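Read the structure below first, then the notes.
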Amino acid sequence: MAILKIAKMGHPVLARPADSVADPTAPEIRQLIADMVDTMVDAPGQGLAAPQVHVPLRVAVFLTPDEGDGERELVTLVNPRWEALGPEQDMAWEGCLSVPGMRGLVPRYTRIRYEGTLPDGTALQREVGGWHARVVQHELDHLDGILYPQRMTDLRDLVFESELRHRASLRPQEAEE
């Protein structure tokens, strides 16, 4: 396994749509996924998409949120897709390994369906909400060349992590004022 270099905002690999993977079970894809997981854990992060490690392929890994039982699942997807399950969105603070030291207030759909292929070739499809839905949307945006600041509705809500304490006590609608 290897710790890979993380691309930062401004690198061209983060600004283009990633290419589909022809064979999700290929040994090189399994190795990429293993290296991405090691890199995500080392960073530390909640998720990582292949373009973030300079590989323009449709591969993403992420940890599901703890639903109160202390358990988190590592999800590894090849050629994933998602769709909103309704128009409802909420605002929450997000960060990104490719935008280090920053946080932004980002609108995301509250319920989504996502699907993709696992590294063993089986299909995965889920309907999720809340933070799980947010993490999936964030990571899969990377596969389309989108970073979270591009989703923000007000760039006044893009702040350094060191200054977030001044905004964290505010509800999202107050933070926009």
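At a glance:
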read-out: Any chance residue 33 is open to solvent by less than 90 Å² (accessible area, probe 1.4 Å) and more than 14 Å from the chain's Cα centre (by Cα); value: yes
read-out: Of all residues making up segment 55-78, the number that are within 14 Å of the chain's Cα centre (by Cα) and more than 16 Å from residue 40 (Cα to Cα); value: 2
read-out: Residue ID - least open to solvent (accessible area, probe 1.4 Å), chosen from residues in segment 77-135 that are in contact with a Pro (Cβ under 9 Å, 6 or more places away or on another chain) and aromatic (Phe, Trp, Tyr); value: 114
read-out: Meets criteria (more than 21 Å from residue 22 (Cβ to Cβ) and among the aliphatic types (A, V, I, L, M)) for residue 123; value: no
read-out: Condition met for residue 13 (in a loop (DSSP other than H, G, I, E, B), of a type in the set (A, V, I, L, M) and open to solvent by less than 90 Å² (accessible area, probe 1.4 Å)); value: no
read-out: Segment 16-29, subset of a type in the set (D, E, K, R) and without any contact (Cβ under 8 Å) to a residue 24 or more places away in the chain, residue least open to solvent (accessible area, probe 1.4 Å); value: 23
read-out: Segment 127-167 - residue that is within 16 Å of the chain's Cα centre (by Cα) and of a type in the set (D, E, K, R) and, of those, farthest from residue 106 (Cα to Cα); value: 144
read-out: Qualifying residue in segment 95-111 (condition: in a strand (DSSP E or B) and over 23 Å from residue 164 (Cβ atoms)); value: yes
read-out: In segment 42-70, residue most open to solvent (accessible area, probe 1.4 Å) [restricted to those that are part of a loop (DSSP other than H, G, I, E, B) and closer than 21 Å to residue 122 by Cβ]; value: 58
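The values are calculated or read from the model by the stated rules, or taken from the named source; none is laboratory data. Keep in mind that what you see is a predicted model, and the values were worked out from it rather than measured. Quick reminder, even Gly has a Cβ in these numbers, built from the backbone with ideal geometry, and neighbours come from all protein chains shown. Just the protein is used for accessible areas: all its heavy atoms, side chains included, with ligands, DNA and RNA removed. Shrake-Rupley method; radii C 1.70, N 1.55, O 1.52, S 1.80 Å.
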